[in-house]
1. Which residue is nearest to residue 235 (Cα to Cα), if the candidates are limited to segment 51-65 and must be open to solvent by less than 10 Å² (accessible area, probe 1.4 Å) and in contact with a helix residue (DSSP H, G or I) (Cβ under 8 Å, 6 or more places away or on another chain)?
2. Taking segment 141-177 as the search range and keeping residues that are part of a loop (DSSP other than H, G, I, E, B), open to solvent by 40 Å² or more (accessible area, probe 1.4 Å) and touching a residue at least 24 places away in the same chain (Cβ under 8 Å), which one is nearest to residue 217 (Cα to Cα)?
3. Are any residues in segment 190-214 surrounded by fewer than 19 Cβ atoms within 10 Å (Cβ to Cβ) and farther than 28 Å from residue 224 by Cα, and if so, which ones?
4. Residues to consider are 72, 179, 112; find the one that is closer than 21 Å to residue 263 by Cα, basic (Lys, Arg) and out of contact with any Gly (no Cβ under 8 Å at 6 or more places or on another chain).
5. Consider residue 109 against the criteria (1) in a helix (DSSP H, G or I); (2) more than 18 Å from residue 140 (Cα to Cα): it satisfies all of them except one. Which criterion is unmet?
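The values are calculated or read from the model by the stated rules, or taken from the named source; none is laboratory data. As the structure is a computational prediction, the values presented were derived from the model and not from experiment. Here the Cβ positions follow ideal geometry from the backbone for every residue, glycine too, while neighbour counts run over all protein chains shown. To get the accessible areas, we keep the full protein, side chains included, count just its heavy atoms, and leave off ligands, DNA and RNA. Shrake-Rupley method; radii C 1.70, N 1.55, O 1.52, S 1.80 Å.
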Amino acid sequence: MFIAGVSTRRVSLIMENLLEASVSASTVSRISAKLDAQVRSWHERKLEDKYEYLVLDGVSFKVKTAHGAAKRLALCVYGITPEGLREMLDYRFAKSESEAEWVALLEDLRRRGLHGSKVALAVTDGGQGLINALQFVFPRLPLQRCWAHKLRNVSNKLKQSQREPCLKQAAGIYRASSRREALRRYRQWQADWESLAPKAVACLRKDLDSLLTFYSRPKAHWKKIRTTNAIERQFREVRRRTDPMTCFSNEPSGDRILYAIFSYANQRWAKSPLKEFTQKA
């Protein structure tokens with residue numbers, strides 16, 4: 001119940017009704033702390049070098065400190081195998097999405113067996129710290145910039161009245177049936193908007209090549225690898241679980257919750273490969 005999102009106080013009340021015996025909130029916390037050994041084992045487990053795609057992003061939350069609530073990030077790496085099996089590989093608490101923080105996580109994954117020999121693409125939100133870290137740890141890895149993040153950046157450079165028509169036309173670029181057609185649509189979009197919204201056009205232009213990397217992969221995979229949506233869905237589950245808490249009491253408490261959410265997801269995914277990877281062309 002605690003892992004599913006029920007507070008320690010409410011768990012104690014529910015258990016008291018079920019067992020007709022008193023179970024304090026502190027007892028619930030003490031029992032949940034027994035997850036710590038499983039959490040450590042999961043963070044230290046060996047990894048197979050079998051992933052075709054990596055998706056990387058971070059999710060934020062708050063932790064109580066001596067100075068009050070402080071923002072923390074969980075930097076996360078999610079993998080997809082050639083058979084369409086998904087797995088949250090690991091996460092690391094950090095104070096920022098700096099290059100050094102991402103390098104620490106990626107180097108740890110490499111030490112545990114993820115050498116990137118089969119990775120065809122790494123999908124990122126576009127943060128420069130992450131891009132630098134990937135180029136340092138896995139220098140030959142092709143990068144795919146997330147279209148959802150990029151269009152949000154473009155939106156920030158548009159007037160309110162421009163957003164719907166401009167973004168709708170821009171989205172047509174990644175929906176093209178080929179890279180050649182995507183480039184044609186980009187040139188048309190650029191011609192239509194450059195004089196009206198030069199900053200928005202420049203924002204997309206500077207990353208165009210890495211936005212179109214996904215066209216080098218099988219067509220059935222495109223929808224899954226042109227954004228970081230796969231990992232974002234798990235972040236929504238994290239927020240659903242953590243928002244009622246407002247703030248973690250400490251980092252180990254946050255570690256238990258994220259481990260529980262991600263390990264449960266891994267168990268489900270192990271039985272349900274992505275159909276886009278299993279269907280014959």
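1. As a first pass, look at segment 51-65 and keep what is open to solvent by less than 10 Å² (accessible area, probe 1.4 Å): 51, 53-57, 59, 63.
Checking which are in contact with a helix residue (DSSP H, G or I) (Cβ under 8 Å, 6 or more places away or on another chain) leaves us with 53, 55-57, 59, 63.
Working: 53: 18, 55: 13, 56: 12, 57: 9, 59: 6, 63: 17 Å.
Per the criteria, the residue is 59.
2. Step one: list which residues in segment 141-177 are part of a loop (DSSP other than H, G, I, E, B), which gives 141-142, 146, 156-159, 175-177.
This time we only want the ones that are open to solvent by 40 Å² or more (accessible area, probe 1.4 Å), so: 142, 156-157, 159, 175, 177.
Checking which are touching a residue at least 24 places away in the same chain (Cβ under 8 Å) leaves us with 142, 157, 159.
Working: 142: 11, 157: 31, 159: 35 Å.
Among them, the one singled out is 142.
3. First pass over segment 190-214, keeping only residues surrounded by fewer than 19 Cβ atoms within 10 Å (Cβ to Cβ): 190-192, 194-199, 202-203, 205-210.
Result: 191, 192, 194, 195, 196, 197, 198, 199.
4. Details: 72 fails: out of contact with any Gly (no Cβ under 8 Å at 6 or more places or on another chain); 179 fails: closer than 21 Å to residue 263 by Cα.
The unique qualifying residue is 112.
5. In the conditions (1) in a helix (DSSP H, G or I); (2) more than 18 Å from residue 140 (Cα to Cα), residue 109 misses (2) alone.
Here's the yes/no breakdown for (1) within 14 Å of the chain's Cα centre (by Cα); (2) modelled with pLDDT under 95; (3) aromatic (Phe, Trp, Tyr):
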| residue | (1), (2), (3) |
| --- | --- |
| 73 | yes, yes, no |
| 80 | yes, no, no |
| 87 | yes, no, no |
| 100 | no, no, no |
| 124 | yes, no, no |
| 145 | yes, no, no |
| 159 | no, no, no |
| 168 | no, no, no |
| 185 | no, no, no |
